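Novice: Before anything else, here's the structure in question.
The values are calculated or read from the model by the stated rules, or taken from the named source; none is laboratory data. As the structure is a prediction and not an experimental result, all values here were calculated from the model. Note: ideal-geometry Cβ built from the backbone for every residue, glycine included; neighbour counts use all protein chains shown. For accessibility, only protein heavy atoms count, side chains too; no ligands or nucleic acids. Shrake-Rupley method; radii C 1.70, N 1.55, O 1.52, S 1.80 Å.
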Amino acid sequence: MVNYSWVSVIALFGYLFLFLAFASARKSRVINAFMLLLLSLILYTGGSFMMRIRFWPSVIFWHHVSVAGILLLPCSFYRFFLDFLEVHRKKETVFWFLFFAVSFIVNVFTGVFVPEPQVVEEAGGAVRFLYHYSWPVYILFAVCLIMLVQVIRLFLKFCRGDALILRQLRPIVIGIAAVTVGTVISTLSIFAGLPMDVLSVLVFAYLLFYALYRKRLFKLTLLASPANCYVVAVLVSMLFFYNLITPIRSWIERTLRLGETFAILIVAMMIVVMIYLLYIIMKKFLDNLFVKEEQIQAETIKEFSYAVSKTLDKNTILSDLIEVICSTLHVDHVYVCICDENGNYVMERTASPLENKSFVMKADHPLVIYLRDHDGCLLMEDYKRTSSYLSMWETEKKQLDDWKIECFAPMKDSSELVGIVMLAEKRKGYSFDDYSLLMSVNSVCSMAVKNSKMYELAYNEARKDELTGLFNRKRFYELINEQFERASDCSLALVMISVDDFKLYNQLYGASEGDIALQKIASIIRATTGDHGYAFRMTGKEFAILLPSYDIYSAKLLAESVAEQVRRMNVNNDLYSLKVLTLSCGVCASPYLASSAEELITNTDLAVYSAKRAGKNTVVMYSEDVGKEYDSQETAQGRVSYYDTYASTIYALTAAIDTKDHYTFNHSQNVAYYASELARAYGMNEECIDTIREAGLLHDIGKIGIREDILNKPGRLNFDEYEIMKAHVENSIGIIRHLPSLDYVIPAVLSHHERYDGNGYPRGIAGEDIPIMGRILCIVDSFDAMISRRSYKSPMPVDRALNVLYEERGRQFDPKLAELFIQLVKEQNIELRKSKTDQGEQA
């Protein structure tokens, strides 16, 4: 080696050292781009050096290797710059690589861009390499200039208003300046022979390495890889023996009287032994310096992973996370914010239980957006240089300063930001190993927290009503037992709520409107209860409120408030009066009125029962009188129809109708008889038969509200009169709903004027959407009306009435039920009944 060849050797070893170090690093786009850049520098420097020493196989071969490195260099640097800024321009990058690849192939065959050098041997054995360039080389310079302009544009775009990016790019800018200055200096005569361009590129490479380190993209421990230890050992040994090989060989020949061949062999063995010893010493030293700490961190991460894998409790997971961070990094204050169901990041856990946990960052908070868009930890000193920090409120900045926050560590699962860990200042500052540990434990913790939230969601969904969002019946029984045990020294009140006539509400307005009403009621209950208790949806129309530390009178006031709000709920709606819903509420409290959770539930149910019997729309407190009232009902023998309880009232109402319309009284009895017989023939059980009989008796009770001149009009009703007559259905419902425990007949009464083809009233429903009892009433009501004398018509013969039923199958009447009724009449399985008017005429 002559002149300054050692500079190229050092540069080559420097590139190899970095390349081998990064070969064992965790790969990323920017790391891969840096390794490609190093490869181009190795090709350029190594090819140039081998060419100058005229190494095998030829000068031309190493010239082409050097040219390949030169042409690869601008592409690899451009890709590195894009990846460093996290800018993705795949098509553009591929284009430049293809352009320079084609340029290289063309140059190999033509030498049009970089011609093959002319080797000139001078006196004294010196060798010079002369290049004769032509104008095409300027094409390459122009392309490189275009790429440089692109780099400058990106630099200005990203650095404008962002001091953090400028700080990260500063080493790269200095490196570009160093290459430029080195290239210019190498052209000056004063530096003739000194390869300043090679030195400047070496400085540039290590400045890029420093930029990556500043961005915390790798560990310094990767420099201690076995491959790098060998490289350093070889380089040191070569430098050590560079000027000693000849003296040592001569001394061996002279002292040991050995030939030249054996002397050279001994020197080679000495070099190998020295390389091996240096490798062992360096490896042991670096292992003690770095690997031991890595092993401790790996064991810590392993123990933490094992601990969090055994639990699905979020608080336990976060407590373990804080304990690991505090014990490993020796940080006094740690704050953990977790994303809630609304996307806000709420302070869930701190290192000290006395810390304020009211801190909340919304989903659009500048810090949240920044951490979501960037990977890795973020130092506060770096964050303060960003425009994101400037957009924060001053109170938030002050809060972070008061907590002395120095580092933010995102908890990410893929691209989802699960949480944010904020760490206070550390005495020795945060190293890359600290960031690596934080990201590792946060990665484990993010998955554990996500799993715990999924479990918590599934747990809550299993204990919450899907429609209203209130706790369900299962959760009710869990909580009432828990709260009853806790309430040994204080009271525990229970409110049971039943929505009055909710089946009617659904029949009138449909299930969708019913669901909306239930959601509104649930919202009222939830808002009124607040943090003072727990709200539940027990069944379709029943709710419950559990109130720890409430006495029975306070619970009654709360129930009355809920009932009043529900009554006013639909006042502004321009709908039927039936739209207004009322509640029947029962209230009981322990320990004075219940000695166990079961007794508390039973007594509250009895209070609701008493509220229903009292006429609904009321709040009843449980007492001994309420219990005795229920007991007296329970002692009754056999099945007692609720109709019997109100028979006298109903009889009085129908008798009142009889004074206005003699037909209605007997007609209702006839319809009740025909309907029960048809139901029995259809195969209904006794309970259903009783229900339809009662519905038949009550189906026209609303005619008491129709004017007498309309009821007894001898001719056909006009449109307005017909509309008034149609209102008797809603009038009937309005009366029945005030007869407690008879609301089960409402669907049949409500639908007895519906038509099978959907052209009936009041709702216009069709087919099997009409309750079956309503379809039965429709047939027998029409049949009795046809064969009876009315003020506006004579009685129709039975055969003709049966023909009408047959002809209207599928239009007005259910076809199967109509045919069955016709068959029953023809086979005389049903006794034909006449009204008193018809009987009087026959007499």
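Novice: Mind listing whichever residues of segment 778-817 are more than 17 Å from residue 760 (Cα to Cα), touching a residue at least 40 places away in the same chain (Cβ under 8 Å) and not acidic (Asp, Glu)?
Specialist: Those that are more than 17 Å from residue 760 (Cα to Cα), touching a residue at least 40 places away in the same chain (Cβ under 8 Å) and not acidic (Asp, Glu): 787, 788, 789, 790, 791, 792, 795, 817.
Novice: Restricting to segment 699-757, what's the tally of residues that are within 25 Å of residue 582 (Cβ to Cβ) and open to solvent by 50 Å² or more (accessible area, probe 1.4 Å)?
Specialist: 6
Novice: Checking the condition in contact (Cβ under 8 Å) with a residue 40 or more places away in the chain and in contact with an Asp or Glu (Cβ under 7 Å, 6 or more places away or on another chain), which residue from 127, 119, 108, 114 passes? Lay out the reasoning, then the answer.
Specialist: On the way: 119 fails: in contact with an Asp or Glu (Cβ under 7 Å, 6 or more places away or on another chain); 108 fails: in contact with an Asp or Glu (Cβ under 7 Å, 6 or more places away or on another chain); 114 fails: in contact with an Asp or Glu (Cβ under 7 Å, 6 or more places away or on another chain).
Sole residue among the options that is in contact (Cβ under 8 Å) with a residue 40 or more places away in the chain and in contact with an Asp or Glu (Cβ under 7 Å, 6 or more places away or on another chain): 127.
Novice: Could you check segment 179-219 and list, in sequence order, the residues that are within 18 Å of residue 128 (Cα to Cα) and either modelled with pLDDT of 80 or more or in contact with a Ser or Thr (Cβ under 9 Å, 6 or more places away or on another chain) (or both)?
Specialist: 186, 192, 194, 195, 196, 197, 198 - these are the residues of segment 179-219 that are within 18 Å of residue 128 (Cα to Cα) and either modelled with pLDDT of 80 or more or in contact with a Ser or Thr (Cβ under 9 Å, 6 or more places away or on another chain) (or both).
Novice: Does segment 530-544 contain any residue that is closer than 29 Å to residue 762 by Cα and either of a type in the set (Asp, Glu) or more than 32 Å from the chain's Cα centre (by Cα) (or both)?
Specialist: First, pick out the residues of segment 530-544 that are closer than 29 Å to residue 762 by Cα: 539-542.
Subsequent filtering for residues that are either of a type in the set (Asp, Glu) or more than 32 Å from the chain's Cα centre (by Cα) (or both) retains 542.
Yes: segment 530-544 contains one or more residues that are closer than 29 Å to residue 762 by Cα and either of a type in the set (Asp, Glu) or more than 32 Å from the chain's Cα centre (by Cα) (or both).
Novice: Based on what the data block shows, is residue 358 at positive phi, under 24 Å from the mean Cα position of the chain (by Cα) and surrounded by fewer than 14 Cβ atoms within 10 Å (Cβ to Cβ)?
Specialist: Numbers: at positive phi: no; under 24 Å from the mean Cα position of the chain (by Cα): yes; surrounded by fewer than 14 Cβ atoms within 10 Å (Cβ to Cβ): yes.
No; evaluated as a whole, the condition is false for this residue.
Novice: Can you tell me which of 440, 498, 491, 431 is open to solvent by less than 20 Å² (accessible area, probe 1.4 Å) and either polar (S, T, N, Q) or touching a Phe, Trp or Tyr at 6+ places or on another chain (Cβ under 9 Å) (or both)? Even if it seems obvious, please write down each step before you answer.
Specialist: Details: 440 fails: open to solvent by less than 20 Å² (accessible area, probe 1.4 Å); 491 fails: open to solvent by less than 20 Å² (accessible area, probe 1.4 Å); 431 fails: open to solvent by less than 20 Å² (accessible area, probe 1.4 Å).
So the residue among 440, 498, 491, 431 that is open to solvent by less than 20 Å² (accessible area, probe 1.4 Å) and either polar (S, T, N, Q) or touching a Phe, Trp or Tyr at 6+ places or on another chain (Cβ under 9 Å) (or both) is 498.
Novice: Quick check on my filter: what residues within segment 770-780 are open to solvent by 20 Å² or more (accessible area, probe 1.4 Å) and not β-branched (Val, Ile, Thr)? If you could, list the steps in order and put the result at the bottom.
Specialist: Here is the first cut: in segment 770-780, the residues open to solvent by 20 Å² or more (accessible area, probe 1.4 Å) are 771-773, 775.
The answer is 771, 773, 775.
Novice: Another question, if that's okay. Take residue 378 and tell me if it is crowded, with 17+ Cβ neighbours inside 10 Å and of a type outside the set (Val, Ile, Thr).
Specialist: On the way: crowded, with 17+ Cβ neighbours inside 10 Å: yes; of a type outside the set (Val, Ile, Thr): yes.
For residue 378, the condition - crowded, with 17+ Cβ neighbours inside 10 Å and of a type outside the set (Val, Ile, Thr) - is met.
Novice: So which pairs qualify, if the first residue must be in segment 337-355 and touching a residue at least 12 places away in the same chain (Cβ under 8 Å) and within 17 Å of residue 313 (Cα to Cα), the second must be open to solvent by 40 Å² or more (accessible area, probe 1.4 Å) and among the basic types (Lys, Arg), the Cβ gap must be under 6 Å, and the two must be at least 6 apart or on different chains?
Specialist: 347/357
Novice: Considering each residue of segment 469-517, count those that are of a type outside the set (Gly, Ala, Ser) and either in a strand (DSSP E or B) or under 30 Å from residue 749 (Cα atoms) (or both), and give that number. Give the steps one after another, and end with the answer.
Specialist: Applying the first criterion (of a type outside the set (Gly, Ala, Ser)) to segment 469-517 yields 470-486, 489-490, 492, 494-497, 499-509, 513, 515-516.
When the remaining residues are screened for being either in a strand (DSSP E or B) or under 30 Å from residue 749 (Cα atoms) (or both), the result is 471, 492, 494-497, 499-509, 513, 515-516.
Here the count works out to 20.
Novice: Here are some conditions: (1) more than 19 Å from residue 235 (Cβ to Cβ); (2) open to solvent by 10 Å² or more (accessible area, probe 1.4 Å); (3) in a helix (DSSP H, G or I). Residue 27 meets all but one. Which one does it not meet?
Specialist: For residue 27, the failing item is (3).
Novice: Further, regarding this structure: Inside segment 451-485, can you point out the residues that are open to solvent by less than 80 Å² (accessible area, probe 1.4 Å), out of contact with any helix residue (DSSP H, G or I) (no Cβ under 9 Å at 6 or more places or on another chain), hydrophobic (A, V, I, L, M, F, W, C) and without any contact (Cβ under 8 Å) to a residue 40 or more places away in the chain?
Specialist: Selection gives 458 alone.
Novice: Oh, and also: Are there any pairs, at least 6 apart or on different chains, whose C-beta atoms fall under 9 Å, with the first in segment 235-258 and closer than 22 Å to residue 275 by Cα and the second open to solvent by 100 Å² or more (accessible area, probe 1.4 Å), and if so, which?
Specialist: 239/6; 242/1; 242/6; 249/260; 252/262
Novice: Would you confirm whether any residue within segment 63-75 is touching a residue at least 12 places away in the same chain (Cβ under 8 Å), β-branched (Val, Ile, Thr) and farther than 23 Å from residue 19 by Cα?
Specialist: Taking segment 63-75 as the starting set, the residues that turn out to be touching a residue at least 12 places away in the same chain (Cβ under 8 Å) are 63-75.
Now restrict to residues that are β-branched (Val, Ile, Thr): 65, 67, 70.
Cutting the leftovers down to farther than 23 Å from residue 19 by Cα gives us none.
The answer is no; no qualifying residue exists.
Novice: Oh, and also: Being modelled with pLDDT of 80 or more and over 23 Å from residue 39 (Cβ atoms) is true for just one of 255, 246. Which residue is that? Outline the logic, then answer.
Specialist: On the way: 246 fails: modelled with pLDDT of 80 or more.
Just a single option satisfies the conditions, and that option is 255.
Novice: Related question: Applying the selection to segment 384-441, what residues are among the basic types (Lys, Arg) and not in a loop (DSSP other than H, G, I, E, B)? Quick ask: steps written out before the conclusion?
Specialist: Pass one, segment 384-441, residues among the basic types (Lys, Arg): 384-385, 397-398, 404, 412, 426-428.
Scanning segment 384-441 gives 397, 398, 412.
Novice: Ok, one more. Restricting to segment 393-404, what's the tally of residues that are surrounded by fewer than 18 Cβ atoms within 10 Å (Cβ to Cβ) and in contact (Cβ under 8 Å) with a residue 40 or more places away in the chain? Can you show your working first?
Specialist: Start the filter on segment 393-404 by keeping residues that are surrounded by fewer than 18 Cβ atoms within 10 Å (Cβ to Cβ), which leaves 393-399, 401-402, 404.
Imposing the further condition that a residue be in contact (Cβ under 8 Å) with a residue 40 or more places away in the chain reduces the set to 399, 404.
Residues that pass the stated criteria total 2.
Novice: (1) exposed (fewer than 14 other Cβ atoms within 10 Å of the Cβ); (2) closer than 17 Å to residue 346 by Cβ: which one isn't true of residue 390, the others all being true?
Specialist: With respect to (1) exposed (fewer than 14 other Cβ atoms within 10 Å of the Cβ); (2) closer than 17 Å to residue 346 by Cβ, residue 390 is out only on (2).
Novice: A further question on this structure: From the list 520, 616, 556, 612, which one is modelled with pLDDT of 90 or more and either outside any helix (DSSP H, G or I) or over 23 Å from residue 467 (Cβ atoms) (or both)? Before the answer, list the steps.
Specialist: Numbers: 520 fails: either outside any helix (DSSP H, G or I) or over 23 Å from residue 467 (Cβ atoms) (or both); 616 fails: modelled with pLDDT of 90 or more; 612 fails: modelled with pLDDT of 90 or more.
Going through 520, 616, 556, 612 in turn, just one is modelled with pLDDT of 90 or more and either outside any helix (DSSP H, G or I) or over 23 Å from residue 467 (Cβ atoms) (or both): 556.
Novice: Right, another one. State whether one or more residues within segment 50-69 are closer than 25 Å to residue 206 by Cα and within 50 Å of the chain's Cα centre (by Cα).
Specialist: Yes: segment 50-69 contains one or more residues that are closer than 25 Å to residue 206 by Cα and within 50 Å of the chain's Cα centre (by Cα).
Novice: Of all the helices (runs of 4 or more DSSP H) wholly in segment 696-756, which have at least 1 residues that are acidic (Asp, Glu) and touching a residue at least 60 places away in the same chain (Cβ under 8 Å)? If you could, list the steps in order and put the result at the bottom.
Specialist: Working: elements: 708-711, 719-726, 728-736, 746-750.
Where helices (runs of 4 or more DSSP H) fall fully within segment 696-756 and carry at least 1 residues being acidic (Asp, Glu) and touching a residue at least 60 places away in the same chain (Cβ under 8 Å), they are 728-736.
Novice: Please determine whether any residue of segment 782-801 is closer than 15 Å to residue 753 by Cα and crowded, with 22+ Cβ neighbours inside 10 Å.
Specialist: yes
Novice: Still on this structure, I have one more. Check 517, 522 and return the single one that is surrounded by 14 or more Cβ atoms within 10 Å (Cβ to Cβ), touching a Gly at 6+ places or on another chain (Cβ under 8 Å) and not basic (Lys, Arg).
Specialist: Working: 517 fails: touching a Gly at 6+ places or on another chain (Cβ under 8 Å).
Within the list 517, 522, the selection yields 522.
Novice: Can you name the number of the only condition in (1) open to solvent by less than 20 Å² (accessible area, probe 1.4 Å); (2) farther than 25 Å from residue 499 by Cα; (3) more than 47 Å from the chain's Cα centre (by Cα); (4) not hydrophobic (A, V, I, L, M, F, W, C) that residue 767 fails?
Specialist: (3)
Novice: Another question, then. What number goes with the only condition from (1) in contact with a Gly (Cβ under 9 Å, 6 or more places away or on another chain); (2) closer than 29 Å to residue 215 by Cβ; (3) not basic (Lys, Arg) that residue 64 does not pass?
Specialist: Status for residue 64: all satisfied but (2).
Novice: Collect the residues in segment 525-544 that are surrounded by fewer than 21 Cβ atoms within 10 Å (Cβ to Cβ), of a type outside the set (Gly, Ala, Ser) and not in a helix (DSSP H, G or I), keeping them in residue-number order. First the steps, then the outcome.
Specialist: First pass over segment 525-544, keeping only residues surrounded by fewer than 21 Cβ atoms within 10 Å (Cβ to Cβ): 526-532, 534, 538-540, 542.
In the following step, the residues that additionally are of a type outside the set (Gly, Ala, Ser) were identified as 526, 528-529, 531-532, 534, 538-539, 542.
Result: 534, 538, 539, 542.
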